[in-house]
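To keep things clear, I will list the structure first and then write my remarks on it.
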Amino acid sequence: MLDDLGDSLLELVVGDPAHEGEIGGIVIHDPDDEPVQPPAALVLGVGIRGKELPELVRDVGKRGAVGLIVRAPVAVTPELDAAVAESGLALLGLRRGATWAQLTALLRSLLAEGDIGPAEAESIGGLPSGDLFAVANAVGALLDAPVTIEDRSSRVLAFSGRQDEADPSRVETIIGRQVPEKYAKMLTDLGVFRELYREYRPVVVNPADLGADSISMQRVAIAVRAGDEVLGSIWAAMDGDVTPERTAALQDAAKLVALHMLRVRAGADVQRRLRTDLVSTALEGGAGARDALSRLGLAGKQVVVLAVALRAEHPVGEQAAGDTSDLERVADALGVHLSASVPSSAVAVIGGIAFALLPVSSGAHGSDPEERVARLAEEFCERLGTRLPVVVGIGGTAADVSGVTESRATATRVLRVLREGYASRRVARLPDVHTQSLLLELRDLAAARGERPVGPIARLLEYDERNDSGLADTLEAWLDALGDVRAAAAALFIHPNTLRYRLRRLEEVSGLDLADPEQRFSAMLQLRILAPR
């Protein structure tokens with residue numbers, strides 16, 4: 001990480017940056033909310049200064065963090081030095097001028113390679129497939145110059161090392177991950193982009209033609225093409241003549257970069273399909289589930305399953321069965337939301353439900369992992385708003401393959417209660433809706449066996465059907481109010497005396513004895529389970 005970003009963004013303050021294994025994820029420290037920190041995390045200490053720093057170093061070190069990044073400059077005191085030595089992590093400084101958002105995006109780009117799939121990465125031209133940073137470093141080594149790879153909108157997709165050898169404008173471009181608008185306008189006015197996208201040879205830009213003090217080195221650029229389509233460009237900051245050898249090296253590099261850029265473009269769809277297959281296999285259990293969890297990076301971890309869906313009344317329910325665009329957007333939004341707190345989580349749409357596998361650990365002060373997951377889900381629903389009304393069912397904590405399957409079944413069971421409106425919650429665990437879930441299962445069993453209301457309730461429903469009297473609704477309201485006539489009357493928007501008359505009438509019609517607790521329970525159960533709703 002320091003090799004790729006150290007020149008322009010990061011500096012090592014104190015500590016050893018070498019350690020076994022890979023960085024487990026990026027976590028932004030929030031002093032007001034306990035973060036969900038994966039093992040071997042890199043923690044971003046936004047706004048942490050002075051006396052707070054040694055305490056934070058010790059805290060994140062106890063949680064297994066391998067590095068902490070704070071804003072430079074950092075004053076190294078004996079207390080801070082001792083805290084770093086005790087925690088065993090590396091303390092890094094973010095240079096002035098770079099934003100936390102830029103750093104987070106860059107770090108996640110670097111860590112994304114190899115998130116899914118076997119350890120043996122596919123290669124193109126001897127470099128990891130789609131790893132544009134590796135390609136940029138290779139091209140930079142061939143040309144003996146710092147290079148950037150940019151898209152058609154002059155956004156920096158990747159850059160090589162040694163960027164500090166270039167001029168201030170290049171450093172500004174790297175920090176912003178975008179060619180500044182003033183420089184892009186200069187290049188456009190000079191016709192550089194027009195020539196670049198028309199020619200198949202390198203284009204040389206003389207810094208004197210741009211007339212900017214911050215640009216002192218010559219730029220050599222070449223377009224990256226896939227057939228007739230221009231994908232982007234390679235820019236090298238180097239002085240001297242563009243020799244035939246340099247021209248050939250740039251033309252060969254452009255062909256290689258095109259293959260990697262196409263791989264990156266296709267990679268999103270390929271990763272989505274692969275992730276869906278892996279998540280599906282892990283949730284179903286069976287022979288391949290253990291391997292699927294391993295490839296998702298979840299082997300040996302405690303996992304909680306989330307089941308997310310749109311409410312049953314949402315218009316998506318009226319669309320064609322294959323139209324899941326709204327649900328796909330919900331799944332993508334959920335993936336983005338979880339990536340900030342649980343980077344190693346996996347989200348996929350399976351069978352009309354967006355499932356998420358979240359690795360969890362026992363938090364400080366004995367906090368319940370499922371409660372933390374519930375808080376994450378509540379935050380997601382709040383951020384999504386009312387345009388896409390979602391509900392989230394949360395399964396139990398699973399420690400193995402069979403536990404993951406059970407957690408999925410629990411999450412799906414909870415989700416059904418929420419989707420069909422038997423609970424007003426947006427997010428729920430099984431203890432929150434256990435009774436409603438049992439009633440739904442009893443309704444399913446009764447429907448499968450062809451059960452129908454019997455006795456007094458059957459007579460009452462037949463009378464209502466013939467006379468449209470609504471006596472069954474009166475009985476249900478009275479039972480729900482625990483016999484409180486005023487509360488039941490208010491729920492039905494009628495006068496209490498009217499309700500008393502209806503209660504006497506339904507007893508006459510059905511033969512039901514409302515003073516008998518067994519008959520009241522039987523009536524309530526039949527109305528809940530057997531009566532049409």
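Kindly evaluate Val230 against the criterion of being of a type in the set (A, V, I, L, M) and under 41 Å from the mean Cα position of the chain (by Cα).
Criteria met by Val230.
Could you list, in sequence order, the residues of the stretch 86-103 that are in contact (Cβ under 8 Å) with a residue 24 or more places away in the chain and not in a loop (DSSP other than H, G, I, E, B)?
Once the filter is applied, which keeps residues that are in contact (Cβ under 8 Å) with a residue 24 or more places away in the chain and not in a loop (DSSP other than H, G, I, E, B), the stretch 86-103 yields Glu86, Ser87, Ala90, Leu91, Leu92, Gly93, Leu94, Trp100, Gln102, Leu103.
I'd like the full set of residues that are in a helix (DSSP H, G or I), closer than 18 Å to Phe380 by Cβ and among the hydrophobic types (A, V, I, L, M, F, W, C), limited to the stretch 417-436.
Scanning the stretch 417-436 gives a single hit, Leu418.
State which residue is nearest to Val303 (Cα to Cα) when the search covers only the stretch 326-379 and only residues that are among the hydrophobic types (A, V, I, L, M, F, W, C) and at pLDDT below 85.
Val342
Read through the list (1) under 24 Å from Thr104 (Cβ atoms); (2) not in a helix (DSSP H, G or I), then give the number of the only condition that Leu334 fails.
(2)
Can you find, within the stretch 31-73, the residue that is modelled with the highest pLDDT among those that are of a type in the set (A, V, I, L, M), crowded, with 21+ Cβ neighbours inside 10 Å and part of a loop (DSSP other than H, G, I, E, B)?
Checked the stretch 31-73; the qualifying residue modelled with the highest pLDDT is Val66.
Table: residues versus (1) surrounded by 15 or more Cβ atoms within 10 Å (Cβ to Cβ); (2) in the same structural domain as Ser407 (by TED's automatic domain parsing); (3) farther than 30 Å from Val308 by Cα.
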| position | (1), (2), (3) |
| --- | --- |
| Leu440 | yes, yes, no |
| Leu460 | yes, no, yes |
| Tyr463 | yes, no, yes |
| Asn467 | no, no, yes |
| Glu476 | yes, no, yes |
| Ala481 | yes, no, yes |
| Ala489 | yes, no, yes |
| Pro496 | no, no, yes |
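Filter the stretch 195-221 down to the residues that are part of a helix (DSSP H, G or I) and at pLDDT below 90, then identify the one that is farthest from Thr243 (Cα to Cα).
Within the stretch 195-221, the match that is farthest from Thr243 (Cα to Cα) is Leu210.
The values are calculated or read from the model by the stated rules, or taken from the named source; none is laboratory data. Only a predicted model underlies this, so the values are computations on that prediction, with no experimental measurement involved. For neighbour counting, all protein chains shown are included, and Cβ atoms are generated from backbone atoms with ideal geometry for every residue, glycine included.
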